[in-house]
Number of protein chains: 2
Amino acid sequence: MADAERGTHERLLNTAVHLLWERSYQGTSVDELCRKAGIRKGSFYHFFRSKADLAAAAIDAAWRHTEQAVFAPIFGSDEGGMAQLERLIDRVDEIQGANLKSRGLYLGCPFGNLGQEMANVDEAIRQAVQRVFARHCDYIEAALQRAGEDRDIPPGDMHRRAEQVFALFEGALLMAKVAKDPALFRGIAASVRAVAAA
Amino acid sequence: MADAERGTHERLLNTAVHLLWERSYQGTSVDELCRKAGIRKGSFYHFFRSKADLAAAAIDAAWRHTEQAVFAPIFGSDEGGMAQLERLIDRVDEIQGANLKSRGLYLGCPFGNLGQEMANVDEAIRQAVQRVFARHCDYIEAALQRAGEDRDIPPGDMHRRAEQVFALFEGALLMAKVAKDPALFRGIAASVRAVAAA
DNA sequence: GCATTAGTTGACTGGTCGGACAAATACAAA
DNA sequence: TTTGTATTTGTCCGACCAGTCAACTAATGC
């Protein structure tokens, strides 16, 4: 967690990222958020216009963190595209497994969770999640492109394939969460390969 | 909606099924639920021990309805397994499209929504969703079995394939919901075929 | 020094939440 | 008709909700 002692604004954002992931939007109260961040509520509303405003900002912050901690290292490597996708599966499984071990909770995708919860409730949050989904797909599409160039998969509409690989990720994460069983996510590699070549 | 004038218990359950789908668990208050069902709150707590208790019962009720309105007709037909899966895609798209047209909301999967929202909050609800997920997979697996017997797909672990076809459904529904774009679900047929044969 | 601003505090609001409950009523069986 | 039970009603509750606000303090620029 590390807490990044710098600044109330940043600490608030940081706390929000963790709390929204663990407790969802509607399950997180501004009071609790402030308590965990060691801040009084007045300060909260000095930096953010509303709870929804913070959530939208937290989505962007979470993606910035995820991108540099997960996506950039994997997709910036010189491995083949399909190998990169398999490493992504392993890395996500590792993260989910860590949460399951430390807190007993399979949290699933922080973006997917908020997206499903808020898509029909708050337009700004919906758009933030949609943007982050698109960035996920961009990375996957680039990997498919690379795999195509290496003749690992046949040519075709890589953008569409990437979307469906991502759908497989999200769906499997949901199933694993509902079943509290990491195996349901862990075992998608073969299907990812199939969709990538479809 | 039809309202099935029979009995307070049933009307409550019916209202819950619709309201939980449209507004989620935490977004639905007992007060509003009672108002829409034309019932006083005391009656609510005569039939259900808690809001979570009603939700769990509503999940079962919703599945009973979905099974007979969607799954039984499609998977009871004498079509081939793969054709059945394509008909399921069309039918789900039709239902989601109807909601989008009438209420402007892409609601997604009523079971997946509740599962993601409540898996780490209420154990009874988590289990109810898990059971319903399994029933979905049973139907898909039977279709794959049938497709295997027809030599439409190669032999293999149909149970695992069914889970991943289902994951693809759930993930694509989520993406369509977040993007408010039915096309993201509608276009999964090719990937479903690929996963079915993986 | 002095003024301006940025940040912080704690007390407060009106509203809603899930749930409790006693009293009233409807409906059975005897 | 009486007794017991199932259902319904309206009222009430303490907890919590997101958000407000005026007062206070710390930092900054001149």
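Every number in this text was worked out from the coordinates using simple rules, so none of it is lab data. Here the structure is a predicted model, which means the values were calculated and not measured. Using ideal geometry, Cβ is built from the backbone for each residue, glycine included, and neighbour counts are taken over all protein chains shown.
First measure r as the distance between the Cβ atoms of A:Ala98 and A:Glu67, then evaluate 1/(1 + (r/R0)^6) with R0 = 25 Å and state the FRET efficiency to the nearest 0.05.
Values: r = 19 Å, r/R0 = 0.75.
Approximately 0.85, to the nearest 0.05.
Compute the distribution of all C-alpha to C-alpha distances in chain A, in bins of 5 Å from 0, and list the percent of pairs in each, rounded to whole numbers.
For chain A, the pair-distance distribution reads 1, 7, 15, 18, 18, 16, 11, 7, 4, 2, 1, 0.
Using θ = phi - 60° and the Karplus curve 6.51 cos²θ - 1.76 cosθ + 1.60, what whole-Hz ³J(HN,Hα) does each residue of the range B:70-75 get, with Gly and Pro shown as x?
10, 6, 4, x, 6, 8
Determine the shielding of peptide B:188-197 by partner chains: average, over its residues, the number of Cβ atoms on other chains within 10 angstrom of each Cβ.
Details: counts 7, 1, 7, 12, 3, 3, 9, 10, 2, 2.
Averaged over the peptide's residues, the number is 6.
So if I take the centroid of the Cα atoms in the range A:108-168 and the same for the range B:151-193, what is the distance between those two points in Å?
Cα centres, the range A:108-168 to the range B:151-193: 14 Å.
Taking every alpha carbon pair in the range B:110-181, what does the distance histogram look like in 5 angstrom bins from 0, in percent?
4, 16, 20, 19, 17, 12, 8, 3, 1
Under a cut-off of 21 Å between alpha-carbon atoms, report the lysines in cross-link reach of B:Lys177, not counting same-chain residues fewer than 8 places apart.
Straight-line reach from B:Lys177, under 21 Å: A:Lys177, B:Lys101.
Got the A:Asn99 label distances to the other copies yet, label 7 Å along Cα→Cβ, in nm, shortest first?
Result for A:Asn99, in nm, nearest copy first: 2.3.
Could you give the angle, 0 to 90 degrees to the nearest 10, between helix A:81-103's Cα long axis and the longest principal axis of the Cα atoms of chain A?
Around 40 degrees separate the two axes.
Let me check I've understood the local charge: for B:Leu33, count other residues with C-beta under 10 angstrom from its C-beta, Lys and Arg +1, Asp and Glu -1. What total comes out?
Numbers: positive: B:Arg23, B:Arg35, B:Lys36, B:Lys41, B:Lys51; negative: B:Asp31, B:Glu32.
Once all neighbours under 10 Å are counted, the net charge is +3.
Between A:Gln127 and A:Arg35, how many nm apart are label points set 7 Å from Cα along the C-beta direction?
3.4
Based only on Cα atoms, what Rg/Rh ratio does the range B:1-77 have, Rh being taken as Kirkwood's radius?
Radius of gyration relative to Kirkwood radius: 1.01.
Once you put a point 7 Å from the Cα of A:Asp150 and another 7 Å from the Cα of A:Asp60, both along the Cβ direction, what distance in nm separates them?
Computed distance between label sites A:Asp150 and A:Asp60 equals 3.5 nm.
To the nearest 10 degrees, how steep is helix B:8-23 against the longest Cα principal axis of chain B, on a 0 to 90 scale?
It is inclined by approximately 60 degrees.
Where the label is 7 Å out from Cα toward Cβ, how close does B:Ala189 come to the same position in every other copy, in nm, shortest first?
3.2
Calculate how large, on average over all directions, the projected area of the Cα convex hull of the range A:52-109 is; give the answer in nm² to one decimal.
In nm², the orientation-averaged hull projection of the range A:52-109 is 4.7.
Work out, in µm²/s and without decimals, the Stokes-Einstein translational diffusion coefficient of the range B:38-155 at 37 °C, 0.692 mPa s, Rh from Kirkwood over C-alpha pairs.
Working: Rh = 16.3 Å.
The diffusion coefficient I find is 202 µm²/s.
Out of B:Leu107, A:Ala142, A:Ala190, whose Cα points farthest toward the positive end of the dipole of the protein assembly as shown (charges: +1 Lys, Arg; -1 Asp, Glu; placed on Cβ)?
Final value for the positive-end residue is B:Leu107.
Near B:Lys36, which lysines are there with a Cα under 21 Å away, not counting those fewer than 8 places off in the same chain?
Cα-Cα hits under 21 Å: B:Lys51.
Equivalent-ellipsoid semi-axes (√(5λ), Cα gyration tensor) for the protein assembly as shown, whole Å, largest first? Numbers along the way, then the final one.
Values: eigenvalues 209, 194, 56 Å².
Working from the Cα gyration tensor, I get semi-axes of 32, 31, 17 Å.
Copy-to-copy spacing for B:Pro154, label 7 Å out on the Cα-to-C-beta vector, in nm, shortest first?
1.4
Under a crude label model (7 Å from the Cα following the beta-carbon direction), how far is A:Arg135 from A:Ser50 in nanometres?
Between A:Arg135 and A:Ser50, the label points sit 2.3 nm apart.
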